[in-house]
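First up is the structure itself, then whatever we jot down about it.
The values are calculated or read from the model by the stated rules, or taken from the named source; none is laboratory data. The shown structure was predicted, so the numbers you read here are calculated from the model rather than taken from an experiment. Cβ placement follows ideal geometry from the backbone for every residue including glycine, while neighbour counts extend to all protein chains displayed. For the accessible areas, the whole protein counts, side chains as well, though only heavy atoms, and no ligand, DNA or RNA atoms are used. Shrake-Rupley method; radii C 1.70, N 1.55, O 1.52, S 1.80 Å.
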Amino acid sequence: MSTQDRGHRDGAIEALSRRSYTNAGDEYTRAGWAVLADPRPGVEPFEIDDRGWVGTGVQYLLIATLCYRVADDSRPARFRATEAASVSGDLANRAQNPAQAACFEELRADCHVAGGLSGGSAIYDDAADAYEEASQAVDDPAQLSSTPLFLAAAAPIKQVARSLANGEVAIDWEDLHGRDPTAAGQFLAARARYKKRRFPGLVERLVADGYLAAPRGTTEYATTHHRCPACDSTDVNWVGNRTLCLRCSRPTDPV
């Protein structure tokens, strides 16, 4: 990874592979705290750089919230969601780039939904309005949406969706954005509006299923070198220094 999480993200992924979700939540929390304190060499957390690296720390706290929800561990889920939402609001206030500020508002809404807190729908509306108002300040919205901050805001919903789709990509970059990248406000506001429609239902299903997949890394289908002892799949996901089954996120064995 490009941020300084002190190895805790890898620890979280290992815990996900064991379906030890409270432990995964703790590891994602530690990863988030590490990144928020010191995102990258030379990058200050409160001086939002043009890449928005500090947003990855919020992403990890948000995924920690989901881990606790899946573990049916409601108190830390609520605390982590509240913490992540507060950090997002603080960073939105500090961001000089109005589109980045809108993205932090989008993340704040995600935190409310992930933690089962009220008010997420209205915050998504605020984020969409902020994107529309920021349109004149955005030269290349497609490029902006590929920066670490915007990728961090896209990652949790994608991880949740693949958990419900047999490990496949269920939400891609095109789903989250408008059709016309020359219309910067509408192109970026589509992110918040899409999440307002989809994320609450996805989180509800995730919690009901009690399963959160590992994030998708490098994949290979129908391998001849690995087979999952849990589900017999030969499809592989290399992520977090682990070789996992693409389908069930369990550790997969070499043949």
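The table below lists the values:
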quantity	calculated
Label corresponding to mean projected area of the Cα convex hull in nm² when calculated from the structure given, among (i) 16.0; (ii) 18.2; (iii) 12.6	(iii)
Proportion of all alpha-carbon pairs of the range 1-113 beyond 17 Å (%)	51 percent
Highest average packing first - 119-125, 172-178, 185-191, Cβ atoms within 10 Å	185-191, 119-125, 172-178
Solvent exposure ordering (accessible area, 1.4 Å, most first) of GLU44, GLU220	GLU44, GLU220
Simple label model, 7 Å out from Cα along Cβ direction - SER118 to ALA208, nm	2.3 nm
Cβ-placed point charges (K, R +1; D, E -1), dipole of the range 1-151 about Cα centre in debye, nearest 20	780 debye
Pairwise centroid distance, computed over Cα atoms, of the range 1-16 with the range 57-71, Å	13 Å
Unit charges at the beta carbon, dipole of the chain: most positive-side option, SER135, PRO76, ALA230	ALA230
Residue-averaged [θ]222 nm for the chain, counting only DSSP H segments that reach four residues, each worth -39500 (n - 2.57)	-18500 deg cm²/dmol
Stokes-Einstein D (µm²/s) once Rh is taken as the Kirkwood radius of the range 171-255 over alpha-carbon pairs, at 4 °C in 1.567 mPa s	86 µm²/s
GNM result for the chain, Cα springs below 10 Å: residue of THR234, THR223, THR65 fluctuating most strongly	THR223
Simple spin-label estimate for THR218 and GLU133 in nanometres, 7 Å along Cα-Cβ	4.4 nm
Accessible area in the full protein assembly, largest first, 1.4 Å probe, for THR219, THR182	THR182, THR219
For the chain, built as a Gaussian network whose Cα springs stay under 10 Å, the top-fluctuating residue of PRO141, PRO229, PRO200	PRO229
Shape category assigned to the range 84-189 from the gyration tensor of Cα positions, a/c cut at 1.5	oblate
The chain, accessible surface, carbon-and-sulfur percent (1.4 angstrom probe)	45 percent
Accessible area of the chain divided out per residue, in Å², using a probe of 1.4 angstrom	43 Å²
